[in-house]
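Structure, as structure tokens:
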Amino acid sequence: VLFRSTATADPGGGFNSMVLTVSAVGAAAAGTTFTRGGTTGGSLSMSITDSSLSATFSVNTGSTVGPLTVRYSISSCSTGILLGLADQCIDPSDTSLTVKAPVTLTPSTTSLTVGQSVTYTVVLGGVFTSTYTLTATPTLSGTAAIGSSSSAVLYSHGTTSQTFTLVAGSKGTLQLGLSFSGTASSYYIAPSSITFTVRDFVTVTVAATSLITSAVTFTATLASSVMADLSVTVSGFGSSTSVSFTGSTVSGSCVLSPIAVGLQSAAYSLSGSDQSLYLLSSASGSITIRSTVTAPLIDSTLPISGTYGPFSVDLGAVVPAASVTVAVSLSGDAAIGATVSPSSLLYSVGQRSQQFMM
């Protein structure tokens, strides 16, 4: 329902009754109806008498946008004669209206990454007649508009939905709006612009394995240089460290010292003025920490028929979980008749060294 209007008769000059008919003309007339009481139709006739000097009706717009004219005409008039005036029924002037429709833009994406493309759908809330034309053009503004692209969409008569693809070209803030051109452009209400952040990637890499006696190097690489400053923090092995970026530097390293063997993980996080402009390609990384097992030092020459030891086998680091077994074996010409005890060294959680006799 677009509006309610009241038609009023001027009783001056001896008015008795009249029938007032309302109808719609213009580009938006298609589908337009009128309602009074329980009656609805493309045109509507109302009786106005000198005992009921007004009649109220409603206009219900259809799905077509454009100018709409409500036209009034008197089809029947009965008047008395007073002051020499024989006809007191004069057609009212037309009412000129404009029917507009909202436009929706979906999806309302609020975050993108550089190089990412998103397909948007632009839906018109109403159609326009074949005499009109309409083009919707995406508008891009903000620091991320540089390098970003989109294309205009053309609507034909009867078409209400079109799509376009937005490609984010650089990091920063981006506002996406719509502007309309063509003869039907004034009949559509553009949606609010969508503001979102385009982020670039930060990649943190680490070697697959490392010895517990060695420092582990984590390398952070930015896909593009910072605008102000950014810090990448690596947390793991019971401590944390970070690497900071300013200016044109896009790569940096930091180190952590492992404290236990096994599969270890490290978490990555961002901070700094440019934190909102970057996205970690991975929030964590894993590295296997290994240790070198130290074999015992045994004299190069041993007499026969002797018992020697104990000899220690050091794992280099305590067993963090489960257990580890080290097998001790003998080979060579003198291995015949020689034995070790125990030949299987079992290390439980927390153990690092075991002994055997030969």
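What the phi angles of the stretch 307-320 give under the Karplus curve with 6.51, -1.76 and 1.60, with θ = phi - 60°, is a coupling list of 10, 10, x, x, 10, 9, 10, 9, 6, x, 7, 5, 6, x Hz, glycine and proline written as x. Computed from phi, the 3J(HN,Hα) profile of the stretch 238-251 under the Karplus parametrisation 6.51, -1.76, 1.60 (θ = phi - 60°) reads x, 8, 8, 8, 8, 10, 10, 10, 9, x, 9, 5, 10, 9 Hz, with x in place of Gly and Pro. Remark: the chain carries a charge dipole of roughly 140 debye about the Cα centre, counting +1 on each Lys and Arg Cβ and -1 on each Asp and Glu Cβ.
Using the Stokes-Einstein relation with a Kirkwood hydrodynamic radius computed over Cα pairs, the translational diffusion coefficient of the stretch 134-204 at 4 °C and a viscosity of 1.567 mPa s comes to 96 µm²/s.
Could you order peptides 309-315, 27-33 by the average number of other Cβ atoms within 10 Å of their residues, highest first?
Packing order, densest peptide first, comes out as 27-33, 309-315.
Accessible area of the chain with a 1.4 Å probe: how many percent of it is carbon plus sulfur?
Working: 9500 of 18200 Å².
Result for the chain: 52 percent of the exposed heavy-atom area is carbon or sulfur.
For the pair residue 318 and residue 288, label points projected 7 Å from Cα toward Cβ lie 2.4 nm apart.
For residue 139, what residues show an amide H to amide H distance below 5 Å, using hydrogens built from the backbone and excluding near sequence neighbours? Amide H neighbours of residue 139: 177, 178, 179.
For the stretch 92-225, what Kirkwood radius comes out of the mean inverse Cα-Cα distance, in Å? Before the final figure, lay out each step's value.
Working: mean 1/r = 0.0564 Å⁻¹.
One decimal place: 17.7 Å for the Kirkwood radius.
Database remark: amide H of residue 113 closer than 5 angstrom to the amide H of 199 (H placed geometrically; neighbours at sequence offset of 5 or more, or on other chains; Pro and chain starts carry no H). P(r) tail, the stretch 234-358: Cα-Cα pairs separated by more than 22 Å, 57% of all pairs.
For the stretch 172-271, what is the accessible area per residue in Å², given a 1.4 Å probe and the full set of protein chains? Mind showing how you got there, number by number?
Working: 4420 Å² over 100 residues.
For the stretch 172-271, the solvent-accessible area averages 44 Å² per residue.
Computed on the Cα atoms alone, the convex hull of the stretch 268-337 gives a volume of 186 cubic angstrom per residue.
For residue 188, the residues whose amide H sits under 5 Å from its own are 101, ignoring neighbours fewer than 5 places away on the same chain, with H placed 1.01 Å from N. Note on the chain: antiparallel DSSP beta bridges, both residues inside, total approximately 90 percent of the bridges counted.
Using Cα pairs under 8 angstrom and six or more residues apart, how large is the relative contact order of the chain, in percent?
Values: 898 pairs, mean separation 37.4, N = 358.
In percent, rounded to a whole number, it is 10.
For the stretch 293-358, what relative contact order do you get, as a whole percent, if you take Cα pairs closer than 8 Å and at least 6 residues apart?
Numbers: 105 pairs, mean separation 26.1, N = 66.
The normalised contact order for the stretch 293-358 reaches 40 percent.
With the convex hull of the Cα atoms taken as the outline of the chain, the averaged projected area works out to 34.3 nm².
The values are calculated or read from the model by the stated rules, or taken from the named source; none is laboratory data. Keep in mind that what you see is a predicted model, and the values were worked out from it rather than measured. A quick note on method: Cβ atoms are made from the backbone with ideal geometry, for glycine too, and the neighbour counts reach across all protein chains shown. Please note that ligands, DNA and RNA were not included when accessible areas were found on the heavy atoms of the full protein model with its side chains. Shrake-Rupley method; radii C 1.70, N 1.55, O 1.52, S 1.80 Å.
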